[in-house]
Amino acid sequence: MADLTTTIGNLKMKNPVMTASGTCGFGKEIEDFFDPSELGAIIMKGTTLENREGNDYPRLAETASGMLNSVGLQNKGIKNFIDNILPGIRDYDTNLIVNVNGSTIDDYIELSGIVDGLEQINAIELNISCPNVKMGGMVFGTHLPTATKVIKEVRKAYSKTLIVKLSPNVTDITEFARVAQEEGADAVSLINTLLGIAIDARSRKPVLSTITGGLSGPAIKPVALRMVWQVAKTVSIPVIGVGGIMSAEDAIEFFLAGATAVQVGTATFIEPDAALRVVRGVNSYLDENNFDSVSKLIGQLN
């Protein structure tokens with residue numbers, strides 16, 4: 001069996017496959033299908049300081065080879081996570097990563113400081129790129145000076161592994177990756193969803209209550225691959241590939257483009273054990289092609 005172990009900052013992962021935030025709740029939701037401990041990491045559903053109801057319905061729409069979502073970071077806040085969710089997942093034999101969100105820079109700072117004190121949480125994914133919230137959200141990830149400030153301030157408040165999730169809704173994503181590295185991020189994850197719209201031709205109205213939403217799924221994989229390839233050539237910190245990964249072959253493509261690890265998201269809605277299938281498929285690929293370690297694949301695009 002090939003060596004699948006992977007390192008992201010101070011995270012020691014048994015394999016390079018994570019769940020993508022917002023696609024499997026907090027881990028408990030996939031227990032009926034497989035043991036979450038078999039993954040390299042579980043990235044929690046987006047979490048905020050206070051309870052957030054999310055956007056009005058409808059907030060999901062199926063599209064060709066993908067889906068649009070406008071959930072709006074619905075969650076019950078960090079206190080509920082600590083009191084009611086963390087006790088049920090703290091014993092997973094994998095890395096637990098909180099996806100941190102805020103409406104202001106102060107929100108990000110305060111929330112990151114709280115999470116820093118949770119010994120069971122090994123890292124945060126700083127979400128400065130969500131396109132589905134009215135305050136904060138994507139603006140932090142598409143305006144370079146603001147992105148710089150929020151990363152810098154969170155780095156001061158958070159002492160463990162810091163992953164910054166980047167938005168594809170920018171002219172040059174490498175600029176944002178470079179800033180993340182300069183301000184102390186241990187890794188970047190990309191891409192978050194692409195901003196899109198769905199229209200009902202019969203009613204002549206938008207399908208989503210918010211009009212626009214985030215596009216995910218296989219439709220965005222070529223864009224995600226291209227951006228991972230660009231960013232991996234720009235920064236020296238690890239790049240985590242996200243976007244349309246449905247199979248082990250998809251994950252291999254991201255490794256070849258320069259990703260150190262990958263996240264599986266939308267595929268989970270179709271096959272709840274998709275992330276585990278990716279782990280096993282990557283292992284089979286390495287064995288069949290005589291690679292003794294997954295690290296030997298990273299950036300090896302011919």
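Taking the inverse of the mean 1/r over every pair of distinct Cα atoms in segment 60-188 gives a Kirkwood hydrodynamic radius of 15.4 Å.
The reciprocal of the average 1/r between distinct C-alpha atoms defines the Kirkwood hydrodynamic radius, which for segment 173-287 equals 15.3 Å. Charge tally for Asp83 (other residues, Cβ to Cβ under 13 Å; Lys, Arg +1; Asp, Glu -1): +3.
Shape class for the chain: rounded, because the ratio a/c of the largest to smallest gyration tensor axis (alpha-carbon atoms, square roots of eigenvalues) is under 1.5. Spin-label model, Tyr57/Asn289: points 7 Å from Cα along the beta carbon direction are separated by 4.4 nm. In terms of packing, defined here as the mean over residues of other Cβ atoms within 10 angstrom, the peptides 196-204, 174-182, 287-295 line up highest first as 174-182, 287-295, 196-204. At R0 = 35 Å, how high is the FRET efficiency between Lys76 and Arg178 if r is their beta carbon distance? Nearest 0.05 is fine. About 0.45, to the nearest 0.05. May I ask which of Lys28/Lys205; Lys28/Lys296; Lys79/Lys296; Lys76/Lys165; Lys149/Lys205; Lys14/Lys149 have a Cα-Cα span longer than 31 Å here? Pairs exceeding the cut-off: Lys28/Lys205; Lys28/Lys296; Lys79/Lys296; Lys149/Lys205; Lys14/Lys149. Using C-alpha pairs under 8 Å with a sequence gap of at least 6, the mean separation divided by the residue count of the chain gives a relative contact order of 20 percent.
Note that segment 144-151 has calculated 3J(HN,Hα) couplings of 4, x, 5, 4, 4, 5, 5, 5 Hz, one per residue in order, obtained from phi through the Karplus relation 6.51 cos²θ - 1.76 cosθ + 1.60 (θ = phi - 60°); glycine and proline are x. Normalised by the number of residues in segment 205-244, the mean separation of alpha-carbon contacts (under 8 Å, six or more apart) gives a relative contact order of 48 percent. Is segment 211-274 rounded, prolate or oblate when judged by the Cα gyration tensor, a ≥ b ≥ c being the square roots of its eigenvalues, rounded requiring a/c under 1.5 and prolate requiring a/b larger than b/c? Oblate is the answer for segment 211-274, as a/c is 1.5 or above yet b/c matches or exceeds a/b. Estimated from the Cβ-Cβ distance and a Förster radius of 22 angstrom, the FRET efficiency linking Ser203 and Glu271 is about 0.10. The HN-Hα couplings worked out from phi for segment 15-25 by the Karplus form 6.51 cos²θ - 1.76 cosθ + 1.60 (θ = phi - 60°) are 7, x, 10, 10, 7, 8, 4, x, 10, 8, x Hz, whole numbers, x standing for Gly and Pro.
Since every read-out is calculated from the coordinates, none of them should be taken as a lab result. Just so it is clear, the model here is predicted, and its values are computed rather than measured. All Cβ positions, glycine included, derive from the backbone under ideal geometry; neighbour counts span all protein chains shown.
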